[in-house]
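Accompanying notes for the structure given below.
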Amino acid sequence: MSIDMSIDKFDFDATLLTVNFATRLLAMELDRDTLLDRALEAFCDLGSCKEAAIMMYDIDSNLIVKAASLNHERTFPDEEIPMTKAMAEAAKSRAPVARAKCKNSFYPLPGDGCIEECGTCLCIPLVGSRDLVKGFVTLHRESLRPWSNSELFQLGIISTVAAISFENSELFRQTIEDSLTGLYMRRYLFIRLDEETQRIKRRGGELSVIMIDIDLFKLINDSYGHAVGDEALKQVADVLLQNSRRGADIVCRYGGEEFAVLMPGSKKEEAMIVAERMRAGCAGTKMMTSAGEITVTISAGVANLNECDLILGDRMLRMADKRLYMAKGAGRNRVVFEG
């Protein structure tokens, strides 16, 4: 069922507040995870619902659930789901589609054939530049009360701002992200390092860094070729991301086979735990490559800004780098946090 939003008089004061809210909340944010989190919060608040999901198309045109909310608990599943009839209708009309008595599920609007029916669902297309549908937002609330025209208009504003913000985030990501591993590049590390050290100078706080190097990486390249070396780099990057603090740590490819993890708000003890988790994750993973199964280990050095006599990020990096090479000199496949 498509929605006619032209019959009621809108609350223009509320709409203006919504425009201002949406712009401040989303338009200036470039970090992908933060943007997803803020957009999900905005849709839930304005839609007066506890269940919502944001789905985006990937490079292969698969529909991926990027963020979801269930009873105010947010998750970031990165799971592929099929297109529903409601989504197809919303994509065709470029307008919200509502259904009553839809299935109360984690991913609302599953289409026909639902066994468990309750509440009201809404599917909103995320229409970006050149009128392209980038994905969808689905909302569910237990009440059978339909969304008012004012609510729909405000949600439409949020969806437009969100769609453009997602595009801007993607363009920004392409300038700071390593194309091989998907991690941030070295220059982004230094941008964030400067931001964090300036923040600590003003307000105090903690900042740690982990410097990481793949052990005997040259031997992997020499033995199996550079293509296998690239596969190893990508898989190590995945392990580092999986064992980082999602939404908090900045995981970067520092150069070659070296990585850096910037940890805002982290004391040295917490950084040591994360570094050891990353080391164990790599050592315990049999990496499948085109040359077969290989084992890859890493060495790491950990440092905290408070260990430096001055609040200078480059000193902290040098300290962590020194400890990294101490770890390699002590036999590799270990974490060093002193010395």
Legend entry - Condition met for LEU189 (hydrophobic (A, V, I, L, M, F, W, C), farther than 27 Å from LEU17 by Cα and in the same structural domain as LEU312 (by TED's automatic domain parsing)): yes
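Using the structure shown, decide if LEU171 is at pLDDT 95 or above and surrounded by fewer than 21 Cβ atoms within 10 Å (Cβ to Cβ).
Details: at pLDDT 95 or above: no; surrounded by fewer than 21 Cβ atoms within 10 Å (Cβ to Cβ): yes.
Answer is no for this residue.
Could you grab me the full set of residues in the range 317-330 that are assigned to a helix (DSSP H, G or I), hydrophobic (A, V, I, L, M, F, W, C) and either over 13 Å from SER208 (Cα atoms) or at pLDDT below 95 (or both)?
Going through the range 317-330, the residues assigned to a helix (DSSP H, G or I) turn out to be 317-329.
Of the ones still in play, those that are also hydrophobic (A, V, I, L, M, F, W, C) are 317, 319-320, 324, 326-327.
Of everything in the range 317-330, those that are assigned to a helix (DSSP H, G or I), hydrophobic (A, V, I, L, M, F, W, C) and either over 13 Å from SER208 (Cα atoms) or at pLDDT below 95 (or both) turn out to be LEU324, MET326, ALA327.
Within the range 122-141, identify whether any single residue is acidic (Asp, Glu) and either in contact with a helix residue (DSSP H, G or I) (Cβ under 9 Å, 6 or more places away or on another chain) or at pLDDT below 90 (or both), and answer yes or no. Working first, answer last.
Restricting attention to the range 122-141, the residues satisfying the condition of being acidic (Asp, Glu) are 131.
From what is left, the residues that are either in contact with a helix residue (DSSP H, G or I) (Cβ under 9 Å, 6 or more places away or on another chain) or at pLDDT below 90 (or both) are none.
No - not one qualifying residue is present in the range 122-141.
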Legend entry - Any hit, the range 241-264, residues being β-branched (Val, Ile, Thr), buried (at least 20 other Cβ atoms within 10 Å of the Cβ), modelled with pLDDT of 95 or more and out of contact with any strand residue (DSSP E or B) (no Cβ under 7 Å at 6 or more places or on another chain): no
Legend entry - Every residue from the range 48-57 that is over 21 Å from GLY128 (Cα atoms) and surrounded by 23 or more Cβ atoms within 10 Å (Cβ to Cβ): GLU51
Legend entry - One residue from MET83, MET56 being at pLDDT 90 or above and under 28 Å from GLN174 (Cβ atoms): MET56
Inset, instruction - Output the residues belonging to the range 10-30 that are in a loop (DSSP other than H, G, I, E, B), surrounded by 15 or more Cβ atoms within 10 Å (Cβ to Cβ) and either among the β-branched types (Val, Ile, Thr) or out of contact with any Ser or Thr (no Cβ under 6 Å at 6 or more places or on another chain) (or both). - result: GLU29
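Yes or no, residue by residue, for (1) without any contact (Cβ under 8 Å) to a residue 60 or more places away in the chain; (2) within 22 Å of ARG187 (Cα to Cα); (3) not aliphatic (A, V, I, L, M):
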| residue | (1), (2), (3) |
| --- | --- |
| LYS201 | no, yes, yes |
| ILE220 | no, no, no |
| ASP230 | yes, yes, yes |
| ARG245 | yes, yes, yes |
| ALA260 | no, yes, no |
| GLY265 | no, yes, yes |
| ALA271 | no, yes, no |
| GLY284 | yes, no, yes |
| ALA291 | no, no, no |
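The values are calculated or read from the model by the stated rules, or taken from the named source; none is laboratory data. Nothing here was measured: the structure is a model prediction, and the numbers come from that model. Virtual Cβ from ideal backbone geometry, glycine too; neighbours counted across all protein chains shown.
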